[in-house]
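Here the structure is laid out as structure tokens; the discussion comes afterwards.
The values are calculated or read from the model by the stated rules, or taken from the named source; none is laboratory data. Remember, it's a predicted structure, so these values are computed and weren't measured experimentally. Glycine also receives a Cβ, built like all others from the backbone with ideal geometry; neighbour counts cover every protein chain displayed.
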Ligand SMILES: [Mn+2]
């Protein structure tokens, strides 16, 4: 962490990257870090690049920059384990690359890496970074809102394993900076009629392979319910916690691939995700299929993992 701070001090231009189809933790980490750097080093040029998300659009607006901005710049990539998933391929145009992440490492990209899977969110890492160097760094309410958003979204609002005393202490620090807990909860709890209808669809059209339960989110369904891809993918949680189904997933169809959101409340599923060009966390991973033809094989393997877990307990 000290080496990261030294690198930050050494560069005049810093460009903060995340992953494709960014979530609350990704954008929360990006904009939280941006706020720390902007307020601590007002003479530096700090940019956030990559995708956006309507869900957490209140955390900040991404910048559009030209190639020359990368000249002699420091690239920081947050919340991204896989090099090909980095939101902006130009990150390598920077002079030096730092990776800050809490996922199980897939690619060892970057010149300097801070990876710690004990953190339940990347935003908690950024908050911890601020806390550690609070004598030389500044964090405003804007950054605190972004970081708090990252912490609550990646922990399912403080419900998942990995949430610790430190998580709450750092969340408390952010509240001290002015975070309105109720405002953030309202932002994240906004529900549309389309989403309610889509959840109804998921709950009546799931499929089962032994102890594995899943939903196929085809383009037809997404179009019929009039939701964004991000919204469609988020309903994976509708299949969580069903007795007898410790592993569940949502398969979402894209033009050239099927992306999988794989979840578990027992067995480790990241190893299965690794076999399908994915990874992430022990109990929450992403992966991909080339086409629907590969679904059966994947479902059978997921069932093996789920069944082995049930038998072992
Ligand atoms: Mn994350």
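Key figures for this structure:
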{"quantity": "Any hit, the range 8-22, residues being within 16 Å of the ligand (Cβ to nearest atom), surrounded by 15 or more Cβ atoms within 10 Å (Cβ to Cβ) and assigned to a helix (DSSP H, G or I)", "calculated": "no"}
{"quantity": "When residues of the range 40-59 are limited to those that are under 17 Å from residue 230 (Cβ atoms) and more than 16 Å from the ligand (Cβ to nearest atom), the one surrounded by the most Cβ atoms within 10 Å (Cβ to Cβ)", "calculated": "52"}
{"quantity": "Total residues in the range 89-107, condition more than 13 Å from the ligand (Cβ to nearest atom) and either outside the structural domain of residue 48 (by TED's automatic domain parsing) or outside any strand (DSSP E or B) (or both)", "calculated": "10"}
{"quantity": "Filter result (within 10 Å of the ligand (Cβ to nearest atom) and in contact with a strand residue (DSSP E or B) (Cβ under 6 Å, 6 or more places away or on another chain)) within the range 23-39", "calculated": "26, 29"}
{"quantity": "Filtered residues of the range 278-300 (kept if in a loop (DSSP other than H, G, I, E, B) and at pLDDT below 95)", "calculated": "278, 281, 282, 283"}
{"quantity": "Residue within the range 63-85 that is assigned to a loop (DSSP other than H, G, I, E, B), surrounded by 17 or more Cβ atoms within 10 Å (Cβ to Cβ) and modelled with pLDDT under 95 present", "calculated": "yes"}
{"quantity": "Residues satisfying the stated conditions in the range 245-262, i.e. assigned to a strand (DSSP E or B) and surrounded by fewer than 22 Cβ atoms within 10 Å (Cβ to Cβ)", "calculated": "253, 254, 257, 259"}
